[in-house]
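Beneath this line is the structure, given in structure tokens, with notes to follow.
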Amino acid sequence: MAELRDGTTRAARGDPALGFVVASVLGQPAALAPERRTALRRAGLGHVVAVSGMNVAVAAALVQGPLLRAGLLLGGSLTLAAALAWLPVLAYLGVTGGEPPALRAAVMFGLAQVATLTGRPGHGLTALAWTAAAMLAWRPAWALDPGLHLSLAAMAVLVHPEAPRGLVAQSWRVSFGTLPIVLVHFGQASLIGVVANVIAVPVFTLWVLPLGIVGLAAAPWWGPEALRPAALGGQVVIDLASLFAQVPEPPWPLLAGLATIGLGLRWFVRRPAVLRWVPGTLPCVGVLAALVWVGRERPLEPPRAWVAIGGPRSAAVIVPAASDRSLACVRDPWLGPEAWPELLAALGFRGAAQVVAPRSPPAAAAVQAELERAGMMFEGTCPEGPVLKSLRVQLEACQARTRLRRVVIGAGPDGPECWIDGAFVALGGAR
């Protein structure tokens, strides 16, 4: 399976449509160029290139019906039928890396299977609550994972008893329901994603993902070309993202106004035909609170001698510029381009003097373009900074403390420090 993932990723280089399929179906975002991923995020379609709950849900829907019937024909046992329907979902979860949103969908699918076996009616919000509690009990660090936050919020909107029917209404309610989380984690929002999702989601769920899963099964014999039919739909989504990414982000007063109007309608209007299009009370309050949180003035610490973000094998290293310590020198920026303006500001930098990625020049170019768009790219000279090899011990020690694959470490007054629960904490013996 590792050979299949590596082979399809290599074959997709230089082919955006095939790269989209590999990124979305196999959970290999590196197969898609950074500028394409940025365009998808700006268009509100970033979720389709992450192995999200939607991927697992579609995969489950494709196999559940046929395998339930096969199990009943083979043994006449509902237990055998449910087990046969569950195994492919578990296998797909393992193939794609077991990301929290995908795991959430798989657990909810398992609970639905249990409800089928016991003959009890399912309740979406109860299943979602039990799923979230079980996942956080298993790995508490997932409480800080933005992907899980978005997945749970979107699912809470969809399984709510008052959830609207229809793709347009659902897309609008989900977009607004996840807006507070997007604002807090990423400091930006894209309401144009409602329109983009109305077009892209049917193409993705009915074309790209089913044919991608079939192509994945056929890839051991036909190679990456088995994914080519799915890539035709991937090209449609990529072209759509390129178009909608040109639309500017809505101003925050507009978001605050929409949330305020939504609260007013929720409080004073009782007509179901109107409320179908009105976000819930909790999302409206959440948007207003998130705007206050993001817009607050935060005291900034002076830049540290160095900061590393990632793991022992791959990490972005940030050091102050030699000519101006308020500017950052960034090496190997693996994070998405849109994350860097806010990240550098949070680290106490007013901008960047240099962005380099020797092994992935397009990634560096995408980050530099985003910083230029934000007015945060300046001229300056950069020191060498610490090499990744010298930071591996500290990164491993921080991983052991946090139980996260990606961590943040920095130079402290008494040695290296690890970012834990919103603050840098000394690593002690790690040097």
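Here are some notes:
- One residue stands out in the range 183-200 among those that are buried (at least 20 other Cβ atoms within 10 Å of the Cβ) and modelled with pLDDT of 80 or more: the one that is farthest from GLU342 (Cα to Cα), namely ALA200.
- A Cβ distance below 6 Å, combined with a sequence gap of six or more or placement on separate chains, defines the contacts here; from the range 407-421, residues that are without any contact (Cβ under 8 Å) to a residue 12 or more places away in the chain reach residues that are of a type in the set (Gly, Ala, Ser) in the pairs GLU417/GLY410; GLU417/ALA426.
So that you can scan it fast, the table gives a plain yes or no per residue for (1) more than 27 Å from VAL292 (Cβ to Cβ); (2) free of Cβ contacts under 8 Å to residues at least 40 places away in the same chain; (3) over 19 Å from the mean Cα position of the chain (by Cα):
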{"position": "THR126", "(1), (2), (3)": "yes, yes, yes"}
{"position": "ALA134", "(1), (2), (3)": "yes, yes, yes"}
{"position": "ALA137", "(1), (2), (3)": "yes, yes, yes"}
{"position": "SER151", "(1), (2), (3)": "no, no, no"}
{"position": "HIS160", "(1), (2), (3)": "no, no, yes"}
{"position": "SER175", "(1), (2), (3)": "no, no, no"}
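- Answer residue from the range 213-230, given it is touching a residue at least 24 places away in the same chain (Cβ under 8 Å) and within 10 Å of LEU18 (Cα to Cα) and is surrounded by the fewest Cβ atoms within 10 Å (Cβ to Cβ) among those: ARG228
- When the range 377-396 is limited to residues that are hydrophobic (A, V, I, L, M, F, W, C) and in contact with a strand residue (DSSP E or B) (Cβ under 7 Å, 6 or more places away or on another chain), the one that is nearest to VAL319 (Cα to Cα) turns out to be CYS382.
- Subset of the range 137-172 [in contact with a Gly (Cβ under 8 Å, 6 or more places away or on another chain) and β-branched (Val, Ile, Thr)]: VAL157, VAL159
- Remark: VAL236 matches the filter, which requires a residue to be under 26 Å from TRP172 (Cβ atoms) and assigned by TED's automatic domain parsing to the domain that holds GLY46.
So that you can scan it fast, the table gives a plain yes or no per residue for (1) in contact with a Cys (Cβ under 8 Å, 6 or more places away or on another chain); (2) crowded, with 17+ Cβ neighbours inside 10 Å; (3) farther than 15 Å from CYS284 by Cβ:
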{"position": "MET155", "(1), (2), (3)": "no, yes, yes"}
{"position": "GLU162", "(1), (2), (3)": "no, no, no"}
{"position": "PRO202", "(1), (2), (3)": "no, no, yes"}
{"position": "LEU209", "(1), (2), (3)": "no, yes, yes"}
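- Matching residues, the range 245-268, being assigned to a helix (DSSP H, G or I) and either farther than 15 Å from VAL292 by Cβ or free of Cβ contacts under 8 Å to residues at least 12 places away in the same chain (or both): PRO253, LEU254, GLY257, LEU258, ILE261, GLY262, GLY264, LEU265, ARG266, TRP267, PHE268
- Residue match in the range 283-295 (condition: in a loop (DSSP other than H, G, I, E, B), surrounded by 12 or more Cβ atoms within 10 Å (Cβ to Cβ) and either at pLDDT 80 or above or in contact with a strand residue (DSSP E or B) (Cβ under 9 Å, 6 or more places away or on another chain) (or both)): no
Results for (1) at pLDDT 70 or above; (2) within 26 Å of LEU209 (Cβ to Cβ), shown as yes or no for each residue.
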position: LEU68; (1), (2): no, yes
position: LEU80; (1), (2): no, no
position: ALA83; (1), (2): no, yes
position: HIS123; (1), (2): yes, no
position: MET135; (1), (2): yes, yes
position: ALA143; (1), (2): yes, no
position: LEU150; (1), (2): yes, yes
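- Residue satisfying condition, being surrounded by 15 or more Cβ atoms within 10 Å (Cβ to Cβ) and in the same structural domain as PRO202 (by TED's automatic domain parsing), within set TRP142, TRP138: TRP142
- Every residue from the range 159-205 that is of a type in the set (D, E, K, R) and in a helix (DSSP H, G or I): ARG173
- For TRP277, the conditions (1) among the aromatic types (Phe, Trp, Tyr); (2) in a helix (DSSP H, G or I); (3) surrounded by fewer than 16 Cβ atoms within 10 Å (Cβ to Cβ) all hold with the exception of (2).
- Scan of the range 412-431 for residues that are touching a helix residue (DSSP H, G or I) at 6+ places or on another chain (Cβ under 7 Å), in a strand (DSSP E or B) and over 18 Å from LEU343 (Cβ atoms), ordered by number: PRO416
The values are calculated or read from the model by the stated rules, or taken from the named source; none is laboratory data. If you're wondering where the values come from, they're calculated on a predicted model, not measured in any experiment. Glycine also receives a Cβ, built like all others from the backbone with ideal geometry; neighbour counts cover every protein chain displayed.
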